Each structure stands twice: as C-alpha cells, then as structure tokens.
1. Given a cut-off of 31 Å, name the pairs among LYS114/LYS165; LYS100/LYS163; LYS52/LYS114 whose C-alpha atoms lie farther apart than that in the structure shown.
2. Starting at the first residue of region 132-140, write each ³J(HN,Hα) from the Karplus equation 6.51 cos²θ - 1.76 cosθ + 1.60 with θ = phi - 60°, in whole Hz, x for Gly and Pro.
3. Quick one: 3J(HN,Hα) in Hz for region 17-29, Karplus 6.51/-1.76/1.60 with θ = phi - 60°, rounded, Gly and Pro as x.
4. For THR76, what residues show an amide H to amide H distance below 5 Å, using hydrogens built from the backbone and excluding near sequence neighbours?
5. Compute the distance in nm between two label points, each set 7 Å from the Cα along the Cα-to-Cβ direction, one at VAL172 and one at ILE59.
6. Using the Karplus curve 6.51 cos²θ - 1.76 cosθ + 1.60 with θ = phi - 60°, work out ³J(HN,Hα) for each residue of region 148-156 in order, rounded to whole Hz, and write x for Gly and Pro.
7. Would you mind calculating the gained length between ASP159 and SER28 on full extension (0.36 nm times residue separation, minus the Cα-Cα distance), in nm to one decimal?
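Readers should treat all values here as calculations from the given coordinates under stated rules, not as data from a laboratory. Computed from a predicted structure; not experimentally measured. Reconstructed Cβ throughout: ideal geometry from the backbone, glycine too, with neighbour counts over all protein chains shown.
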Amino acid sequence: MLAWLSKNDDSTLKRSFSLNINTASILSPRFLEFDALLDKERRNTIVIEMQKIDVFADIARFLFVREFLLDRGYRTCLDGLTTQSLPFVKRRELGFELVKLHWTPQLRQQMEGKDGDRLRQAVEATNPSRIIMMRCESDDAIALGHELGISLFQGYFIDHLLKEKISRKEAVQRLDAAAARKPRAAAEPQPAGGA
C-alpha cells in the first residue's frame, strides 16, 4: 500500500484518508519514503490507525512510534476496541486522537444490562466525540451511538446510504431519523435496505 501511495501520481495524496498499519511498518524505510513525499499540512489529514494488539504487544516501541507520528503531524487512531477492552484503554494517556469501537447487535443489550453503567462511564472517559463506531450494520447502531453521544460511524449501513448517491442533506436526515427512532431489541436490527 505504501509503495502504491508513494508512486501514485494522481490526487490520492491530496485527500484525507486513513492507513491501518502496524508499528513495524511505520518504522520501515518504505514508510519513511512515503513520509518524505508529504508536507506537514498533508500529514495532518492522514489518520494512522493502529490495532490494539500491536500497541500493547510492545508498549516501548509504540511510545517511540507515537512520538514520531505526532512530531511529524499525523493524526492517530486506536483500532479494534470492544466493550470488553474500552473500559481499560485510556485514549488521552496513550496519545490517540480517535478510537474505534466495534458495534455488535448485542451492544444495546450490554448497555441496558449489568455492565451498562461501566460501559457508559468508559464512553464518557474516552470522550464520545473521539469514538468512531465501526461495523455499523443497521440504523440501530446509529441510534445507539447517538444515545451515547457518538457521531462518527463506519460500516455497511453507512456505505449503503452513500451508494444510494443521496445528497448529504438527505443522508443527515436519514441518520437523524434513525437516531430518533424508538430503540429496538438488539435481536431485531433493521437491514440497511430498510433505511
């Protein structure tokens, strides 16, 4: 991917995008070549996503990589958090601008169950405006995210809305309508086609 981005002569490097990459690749000569093509303004539009397993497998290496990325002007995101791991991750202390939380159809039941208060506290401590709810497959993911204060989403449901080539205004209206709907049981998610 880095080689392709480095050799690409179209406008790819002029747009915002994210790279899901491990710490070893960030320390590689290929990444340094890629980095040399960019000015600080361009780096600030690129989000470097790192998997939690990679971060915690070698925390010393991660801390070095984090300082390098922040010094160079990249934005950072911790990928792969679940309801089990979110309460143990301190986003600010780790130096991540964003984190990704995996949505599942069971998430509403978890939020309404015995661990609900602990999960809500973890969302608040992380800062909901810095959480991307990923793998959203229904409007219930959007509704639950909004209930928690989350406003950044990824997944099939969002992709479906974008593929319909609807206007940004209509997409916002649909997402607002999804957020305003009465919550359904987690076992009854609405498919993307029913948006």
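1. On the way: LYS114/LYS165 41 Å; LYS100/LYS163 23 Å; LYS52/LYS114 25 Å.
Result: LYS114/LYS165 exceed 31 Å.
2. 9, 7, 10, 6, 6, 10, 8, 5, 5
3. 7, 10, 10, 8, 8, 8, 5, 4, 5, 5, 8, 7, x
4. ILE48, GLU97, LEU98
5. Calculated label separation equals 4.2 nm.
6. Ordered by residue, 3J(HN,Hα) equals 8, x, 7, 10, 10, 9, 9, x, 4 Hz.
7. On the way: separation 131, 0.36 × 131 = 47.16 nm, distance 3.26 nm.
Computed gain between ASP159 and SER28 is 43.9 nm.
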